[in-house]
Amino acid sequence: MKITDFRLETYLELMDRPLGDANGPEGDDLIVSSILIIDTDEGISGVAPLGNGQVNNLFKVIEGKDPRETFTHWQNMIRYAFKGGDEGEVHGALSAIDIALWDIKSKINDEPLWKTLGSDDPKCKVYASDIGYCLTDEDLYKFFKGMSDKGVDSGKVKIGLSYDDDLRRIGIVYDALAENCKRPRIMVDSNEYWSVKKAIQTISKIEEKFDIFWAEEPARRWDYKGLKMVSDNIKAAVSSGENLNNVGDFYPLIDNQAVDILNVSSYQSGITGLRQIGNFAYAYELPVTTMNCIGNYNAQIATSIPNHIMMEVVDPGREKAYSKWNDHIEDGFVHLDNTPGIGLIVDEKKLKKLQETKYDREPKRPWFRREGAGLYIKGLEKDEVKWK
């Protein structure tokens, strides 16, 4: 079997609800999505729900090769990108190719990815995550109550702009989860918006009212001293890592005991890269959580990571180009079936319709770092922001 070709499909997609955090609290429901499809000479194709133009440059590394040799292809792509590094668009393309190759590998085996990776457990514990700073209190409650009805006992809420507002929103999440759980786990995420001192001050105040399971990204992703300082001065665990690229980026966090929980994803150099990070953390007995993703396919990988505790589920409706994905959540777990591959099946008709749909605006692309972040004293009040 040989790798013969690829195609990269991009499209705009209107989600079921907007997403937003402290850096972009207004949020947006229109996103740019892409699907990478890698073909073989035996009619088996692999799918990855991401990719960019750099796939064209990296494809020459794997073209004509056996798709089952996933580690070798991953290593050769890393070597190819050596000078510029596993960063930026090259990083995104490398991750997409690796995911698509694993999809092919498990389809060749005629089994789901979780089984190809050696697991015997087709389920993964999940936690609910709003990414919804833009949501009304009513919509916030509705989202977490819906997850609670599916047995989910843990929830992460976006915070960072206003202590009073954030305390109220944390209470809403707690009440929604408490409908079906006596002791909900509450996590908070400030998306690197605060300075280290501000993080310690604010989280400590929150902990006077609520038990917090973890505080996510309370300082910059690379600031291992700052993250450790926060961890040493609050009761909650500190988590970080979702915006790092590869196993090397995690070294200073792990070696300096800067975080208590690692946030990991197949976006971090693909499935091969994610498993390296998971194994690295396992050597230090550090728990890991997998990040949200289209179709919850990270659950396929999480089932074979021994130190994995929960996977983030956002559920904003990003799967409109697919006819099949992992959406069966019951008793607090996403349950995987025996569909070969990563569990995502592209619907070509739906994809074409999405590509033909026109919008009278461009996506806001809210995932920037807001001006003044790290210097923040007081939250946004109307059009006024006061800086330190």
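Every number here is computed from the coordinates shown, using simple stated rules; none is lab data. The structure displayed is predicted, hence computed values, not measured ones. Neighbour counts are summed over all protein chains in view; Cβ atoms, including those assigned to glycine, are modelled from backbone coordinates with ideal geometry.
Restricting Glu285, Glu312, Glu348 to those that are surrounded by fewer than 21 Cβ atoms within 10 Å (Cβ to Cβ) and either touching a Lys or Arg at 6+ places or on another chain (Cβ under 8 Å) or at positive phi (or both) reduces the list to Glu285. Just need a number here: residues in the stretch 57-89 that are touching a strand residue (DSSP E or B) at 6+ places or on another chain (Cβ under 8 Å) and not charged (D, E, K, R). Result for the stretch 57-89: 4.
Pairing each residue of the stretch 38-63 that is among the aromatic types (Phe, Trp, Tyr) with any residue that is outside any strand (DSSP E or B) and surrounded by 14 or more Cβ atoms within 10 Å (Cβ to Cβ), provided the two are 6+ apart or on different chains, yields C-beta distances under 8 Å for Phe59/Ile97. Identification of strands (runs of 3 or more DSSP E) wholly contained in the stretch 1-112 with 3 or more residues that are within 30 Å of Ser162 (Cβ to Cβ) yields 3-19, 28-40. Here Asn279 qualifies as over 18 Å from Ala48 (Cβ atoms) and not aliphatic (A, V, I, L, M).
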